[in-house]
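Notes follow once the structure below has been shown.
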Number of protein chains: 4
Amino acid sequence: MANFKGHALPGSFFLLFGLWWSVKYPLRHTLQKRQNGRKQNVPLFFKKLDLIEGVLKTFFAFVGIMAEQFVPDGPHGHLYDEDWVKLMNWQHSTMYLFYGISGIADILSSAPLPTPAGLDRLALSIALFVEGFLFYFHLHNRPPLDQHIHSLLLVAVFGGAASTLLEVFMKNNTLLELLRSSLAILQGTWFYQIGFVLYPLNGNLWELDNHGNIMFITMCYCWHYAVALLIVGINFSLVWWVTRRCGGRQGSEIEIGLRKTNHHDSSSQKALLQESEEE
Amino acid sequence: MANFKGHALPGSFFLLFGLWWSVKYPLRHTLQKRQNGRKQNVPLFFKKLDLIEGVLKTFFAFVGIMAEQFVPDGPHGHLYDEDWVKLMNWQHSTMYLFYGISGIADILSSAPLPTPAGLDRLALSIALFVEGFLFYFHLHNRPPLDQHIHSLLLVAVFGGAASTLLEVFMKNNTLLELLRSSLAILQGTWFYQIGFVLYPLNGNLWELDNHGNIMFITMCYCWHYAVALLIVGINFSLVWWVTRRCGGRQGSEIEIGLRKTNHHDSSSQKALLQESEEE
Amino acid sequence: MANFKGHALPGSFFLLFGLWWSVKYPLRHTLQKRQNGRKQNVPLFFKKLDLIEGVLKTFFAFVGIMAEQFVPDGPHGHLYDEDWVKLMNWQHSTMYLFYGISGIADILSSAPLPTPAGLDRLALSIALFVEGFLFYFHLHNRPPLDQHIHSLLLVAVFGGAASTLLEVFMKNNTLLELLRSSLAILQGTWFYQIGFVLYPLNGNLWELDNHGNIMFITMCYCWHYAVALLIVGINFSLVWWVTRRCGGRQGSEIEIGLRKTNHHDSSSQKALLQESEEE
Amino acid sequence: MANFKGHALPGSFFLLFGLWWSVKYPLRHTLQKRQNGRKQNVPLFFKKLDLIEGVLKTFFAFVGIMAEQFVPDGPHGHLYDEDWVKLMNWQHSTMYLFYGISGIADILSSAPLPTPAGLDRLALSIALFVEGFLFYFHLHNRPPLDQHIHSLLLVAVFGGAASTLLEVFMKNNTLLELLRSSLAILQGTWFYQIGFVLYPLNGNLWELDNHGNIMFITMCYCWHYAVALLIVGINFSLVWWVTRRCGGRQGSEIEIGLRKTNHHDSSSQKALLQESEEE
């Protein structure tokens, strides 16, 4: 969808996930540090969150595919009719498809199934790689600024793919997870920026072959990232501050829960611990 | 062999190995998870499979070299005769040669020899790298679609080389092995796709410089990969489901076997365990 | 600032940090080797040094931003005034901004806060990457020598970004830290070299499209690096030699300190040890 | 030295080191496997070999620099004389210089000094990288075949730099060391191949812009590597076979040596073991 909405939709998805991750991972990090030595219920709680996240991701991917296919000027499921029909929309649908696969991998990983550890991260990394791959071959024959503003996106996309691939091998590395959060926020805000530059709401079109514009946009990309880092930092601090304030009460609740379970089934706890260590 | 068969032959090889791997590795993964703590006979069984695989790979590579050399319009072993003779066929022979070397490395690795751990993976990685290397310098002076459809192959080839190289250092990482399986299936089906596009069986030639065709082919590549991921997922699920159904009986058989050996030679078992851990 | 001073300023910063690191890390390495098994006060001392380093880095970044903005021909904070205002200075300010963020990350990492381990290294790696990223898109439409001499800088910048990223995952690897020191010294001396070549103090301008000049500059870059390696090597040797000379007295002082604390609070020591191992 | 000898000289150096490594590392690998649990004298013996290797490398680098400077048409130490003097020879001297630095790092690493573990590998990796870096900017304005045949070299050079860098972090990984050996042999034979093609001894000049020649040379490069792999494989087998034949006698000698030392100073042995594990 070559208009503002077509960029705002994926932008909102990435922004949403980036913001959510920048809260989720600091939360897990702080809870794990605090409950050092007794991680029983933290993994279970986060498994449920991962399940919900996977379902939402799959749903959003479905919404994205449907939107690309059935907007008024979309291909409505037709691929070839004397010539290729609306290939741009088909390419965007393909991008969403791989995020859908990533969502399904999230669901499978958080279910009690014998999936290999790290499947969810690998699927996300593949989805990001496919997005970058399609964008890369997407940019021919466009005006300089259009090409440049999209190719800048590739830095966040391939950077995200690489850092998520690293997560497959270094599980629960908070720093990598925060890096991913910041790159997702960057993608989100940059999709909006692309929308504002190429389809300005006030109608003042940018000159697409002005070298000054290209230089500004390059720098602007760095500012977006500085803001993304700031957001991640603020969310980390907030989570830390909130869990510390609620820490006394919560800590004792957990201890009570532990005492109760301690008597009954210490074997099942070990299984859980083992499970959480394996992943 | 610049025709449909010349692409179907390597395509079948890659597809065969990809499908086989997508069964073999989930099988090992599930068996190891089930027989946690008593891995005695699993590694031996898979060593034998690896041996057979190596022999087959070497044989297929030999078939490939022979086919490239002795097809009617092949070089028949002549390299230079006033000018270079059929360099394309020679290059393809060279690619098969390195898969032959990889097959020999598989045989050596699965034999009781003091080969360094990971030799088979490194040899496969080198074979994939050489394939990509030769393809890369292979594509000059061709029409755009021909060049593009072959260069897309490089993503699967170099991706496979990189992921197999990672396996050298992270042995028995199921996820990397599944990634390799999926990339091999992708290569297999894409060789067929190249054959269908460049040498269509129904005779309707594709326009080789149509931008729409190039855009479709790029997207089609992603669809091939989505199907490859689906196949790997289905095979994983089937293997898991079948081993679970047969698990009760098999598990007890193994236990009986264990009881028998336990009395006799616990020292040889330790040696086996050590061996399987070393690799 | 397109003049000699504009290159001498960042050059001095990098040179200063490179030289400082080439003393700091050998010092930590030698002290840790010597006090094997009793690392109590070494980490605390280096935490304080890291704090000071972070404060200085933030201050230098602030100085850099101010200098770029408020030199006589600077933008004085104006970004757009009918056309983009002095984008070069704005880009340089952006580079300094990310070093400022890196300085703040250093301060946070060395403070007793629950920051994820390796945050300081990741922030430095991002700062180097952003510097390289902006430089890369900075070089269009310049004479060959100007373009070449700046693009050589990218080797040190991206090399530094990559090696610092490795440090996130391999903490306290002395070799990587020395590599970083040498690359920082290289950047520092090369900024001076760029200044000398493009804005010669004696006024003899270099021919900017002479192939010989480009070949010499390429080789000259390697010589700079050889000198940087020499400096790091000399500093390492000096530190080793000095700590060995002072070792006897210092060692016994530390032992006395240890004996004193041993009685009082062995629990706090354990906490410290744990902390230093975690990082 | 743009003649056959100028390529034969570095070719011989690389070939010599590649062949030597393909004997040394299998030897260490087999001895360590055989003397499992009692590695006392193996590391000491190889430390001495490393020292000799470092001295030879430094000497060869010195010979290389002298040859490039003081051949009849060399620069004889003059760098600038109205114009740059013989920059090619200066660039080659610079390449040799970094191999000299690598040699010195080998000497320092094998001496009983507190050098960081992996220094020798890092220095070799830097030397290979600098060689590749200078070659990369070396190739402008040359005929296609000349440019292609040199750029193929870069695959071995940068591949060697990357694999040697990996060795910094994965010490004593036999597979990586064999990979390095094979890439050094490849570089050695390829230097000879470049000499034969560009300065044919029989005087039959190759057509430098014939596409067939370029295609053949690309394939020929793969054949060189297949031969390099074969050589490494043969040397590995020979070493294994020879050590097995001599194993009985040698093994018992070592055991006698062990018995003797066991009584006297078990503490010094532990120190040695610790040292060999640290590295």
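Here, each number is a calculation from the coordinates, and none is a lab measurement. For clarity, every value in this text was computed on a predicted model and none was experimentally measured. Note that we place each Cβ from the backbone using ideal geometry, even for glycine, and neighbour counts take in every protein chain shown.
Structural remarks
- Structural size metrics of the range A:52-108, computed from C-alpha coordinates, are Rg and Dmax of 12.6, 43 Å.
- FRET efficiency, 1/(1 + (r/R0)^6) with R0 60 Å, evaluated for D:Leu16 and B:Leu230 via beta carbons: 0.70
- Label point 7 Å beyond Cα along the C-beta direction, distances from B:Phe70 to other copies (nm, shortest first): 6.0, 6.0, 8.5
- GluC sites (Glu not before Pro) within the range A:133-236, DSSP loop, no more than 16 other Cβ atoms inside 10 Å: A:Glu207
- Rounded D (µm²/s) - the range A:4-278, Kirkwood Rh over Cα pairs, Stokes-Einstein at 20 °C, 1.002 mPa s: 104 µm²/s
- Here the label points at C:Asn204 and D:His76, each 7 Å from Cα along the C-beta direction, are separated by 2.2 nm in the simple model.
- Overall form of the range C:83-164 per C-alpha gyration tensor (a/c, 1.5; a/b vs b/c): oblate
- Chain A Cβ-axis minimum, rotational copy C, residue and distance in Å: A:Phe169, 7
- Using distinct alpha-carbon pairs, which all enter the 1/r mean, Kirkwood radius of the range A:137-197 in Å: 12.7 Å
- Ranked B:His92, C:His138, A:His140, criterion: other C-beta atoms within 10 Å, fewest first: A:His140, C:His138, B:His92
- Exam field: D:Val55 pseudo-label spacings to other copies (7 Å along Cα-Cβ), nanometres: 5.2, 5.2, 7.4
- For trypsin sites (Lys or Arg not before Pro), the sites in the range D:113-192 that DSSP calls loop and that have at most 16 other Cβ atoms within 10 Å are D:Lys171.
- Over all directions, the projected convex hull of the C-alpha atoms in the range B:1-90 averages 7.1 nm² in area.
- Entry note, the range B:4-278: relative contact order of 28 percent, from Cα contacts under 8 Å with a spacing of 6+ residues.
- P(r), alpha carbons of the range B:77-119 - 10 Å bins starting at zero, rounded %: 25, 31, 20, 17, 5
- Other residues lying with their Cβ under 14 Å from the Cβ of C:Leu198 contribute a combined charge of -1, Lys and Arg counting +1, Asp and Glu -1.
- Treating r as the C-beta distance of C:Arg244 and C:Phe45 and R0 as 22 Å, the FRET efficiency rounds to 0.75.
- When the GluC sites (Glu not before Pro) in the range D:67-153 are filtered for DSSP coil states and for at most 12 other beta-carbon atoms within 10 Å of their beta-carbon, the remaining sites are D:Glu82.
- Calculated log₁₀ intensity ratio I(q)/I(0) where the Debye formula runs over C-alpha points of the range D:52-199, q = 0.18 Å⁻¹: -1.16
- Residue exposure proxy: A:His76, B:His148, ordered by other Cβ atoms within 10 angstrom of their Cβ from fewest to most, comes out as A:His76, B:His148.
- Comment: the Cα-to-Cβ extended label point of B:Gln147, at 7 Å, lies 1.5, 1.5, 2.1 nm from its counterparts in the other copies, nearest first.
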